[in-house]
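> Got a structure for you, written out below as structure tokens; questions coming shortly.
A short reminder: the numbers here are calculations on the coordinates, not readings from a lab. Because the structure is predicted, anything quoted here is derived from the model rather than measured. Here the Cβ positions follow ideal geometry from the backbone for every residue, glycine too, while neighbour counts run over all protein chains shown.
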Amino acid sequence: MSETTAQPAAAQFGIPRQTTAPAEGRAEAEQLVGAPIGWELKKDRGSTTVWKVTGPTGQWALKIGRSEDAAVVAREAEVLRHIATVPSTSYGARSKSGRTSESAWQLTPWLEGPSTWDAFRPVRDGDADRAQALAAAVDLAAAVATLHQSGWVHGDVQPHHSIHARGGVRLIGCSWAWSLKLPPSYASHSGLLHLMSPELIHRVESEQRPIAPSQPDETYALAVARR
């Protein structure tokens, strides 16, 4: 079915319409969600795009990395295959991925819920007490702790990389995760500067490569992020 003929049905089901759908991962996405299908561009940053794909049988996130970002997306797909047994990244067990000569893509179930950044918004706006934000912070810390107990480091803990979904916090943005099973990437920049521990900043400035955030570094990032 062409996009043109699918659009009226998509509108009937309340599915977002998008006239230009990506080529990468498209056939796999259509198979997962059924028809009619809706494409909604959620992120367009440099060489990386993220689409929300909606259909009668579900919603999925399609991340595409082109050019220099292809290796980043491909690494995240590899990471998710390794850590699919961890509760906070269990969605990776259903992920699908692929490579072309110039790009890489991955499909993961769409995670419904606010990010930690959004969960903290009422407090930043002065519209709520701190109890809700504190509960979100505790949930995030527990999710990261479970990941650490499995022997992994996320590599880029930040408020936008955690979704407070039904059933618990889910960690996303896992491209730089590492463990003894998968060494750290030489391409990692070690996360957001204002969330780095002094020790991690020292390693960055010393030009030590690859940069490998440790579990204590991530504990520091958690503490700083909730301030």
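> Lysine pairs in the chain with Cα distance under 15 Å, only those 8 or more apart or on different chains: how many are there?
Count of close lysine pairs: 7.
> With θ taken as phi - 60° and the coefficients 6.51, -1.76 and 1.60, list the Karplus ³J(HN,Hα) couplings across the range 178-190 in order, rounded to whole Hz; mark glycine and proline as x.
Ordered by residue, 3J(HN,Hα) equals 8, 7, 5, 7, 9, x, x, 8, 5, 7, 5, 9, 6 Hz.
> Percent of Cα-Cα pairs more than 23 Å apart in the range 111-224, please.
Everything past 23 Å amounts to 30 percent.
> Just name one of P122, W110, Q132: the one whose Cα is farthest towards the positive end of the charge dipole of the range 96-135 (beta-carbon charges, Lys/Arg +1, Asp/Glu -1).
With unit charges placed on the Cβ atoms, the residue in question is W110.
> Using +1 at the Cβ of each Lys and Arg and -1 at the Cβ of each Asp and Glu in the chain, identify which of V153, S90, S190 lies farthest towards the dipole's positive end.
About the Cα centre, the residue reaching furthest to the positive side is S90.
> How many nm separate the modelled label positions at V50 and A142, each set 7 Å beyond the Cα in the direction of the Cβ?
In this crude label model, V50 to A142 measures out at 2.4 nm.
> Based on DSSP H runs of at least 4 residues, each adding -39500 (n - 2.57), what is the mean residue ellipticity at 222 nm of the chain after dividing by all its residues, to the nearest 500 deg cm²/dmol?
-10000 deg cm²/dmol
> Further question: Within the set of other residues whose C-beta is less than 14 Å from the C-beta of G173, count the net charge using Lys and Arg as +1 and Asp and Glu as -1.
+2
> With +1 on the Cβ of every Lys and Arg and -1 on the Cβ of every Asp and Glu, and nothing else charged, how large is the dipole of the chain about its Cα centre, in debye rounded to the nearest 20?
300 debye
> Something else about it: Using Cα-Cα distances under 8 Å and only pairs 6 or more residues apart, what relative contact order does the range 39-134 have, in percent?
Computed value for the range 39-134: 21 percent relative contact order.
> Using each residue's phi in the range 107-121, evaluate 6.51 cos²θ - 1.76 cosθ + 1.60 at θ = phi - 60° and report the 3J(HN,Hα) Karplus result to the nearest Hz, with x for Gly and Pro.
10, 9, x, 5, 9, 8, x, x, 6, 4, 4, 5, 5, 8, 4
> Give the relative contact order (percent, whole number) for the range 88-161; include only Cα pairs under 8 Å separated by 6+ residues.
Once normalised by length, the contact order is 28 percent.
> Whole angstrom only: what separates the Cα centroid of the range 102-175 from the Cα centroid of the range 19-46?
The range 102-175 and the range 19-46 have Cα centres spaced 24 Å from each other.
> Please work out the FRET efficiency for the pair K43 and S206, using the Cβ-Cβ distance as r and a Förster radius of 30 Å; give the result to the nearest 0.05.
My answer for the efficiency is 0.35.
> Given the Cα-Cα distance of K96 and D127 and 0.36 nm per residue of separation, how much length would full extension add, in nm? Each step should come with its number before you reach the end.
Values: separation 31, 0.36 × 31 = 11.16 nm, distance 4.03 nm.
Value of the extension gain: 7.1 nm.
> Further question: Once R0 is set to 25 Å, what does the formula 1/(1 + (r/R0)^6) return for the Cβ-Cβ distance between T57 and A135, expressed as a FRET efficiency to the nearest 0.05?
FRET efficiency, T57 to A135: 0.15.
> Could you compute the FRET efficiency for E199 and D118, with r as their C-beta to C-beta distance and R0 at 22 Å, rounded to 0.05?
Step by step, r from the Cβ atoms, then E = 0.15.
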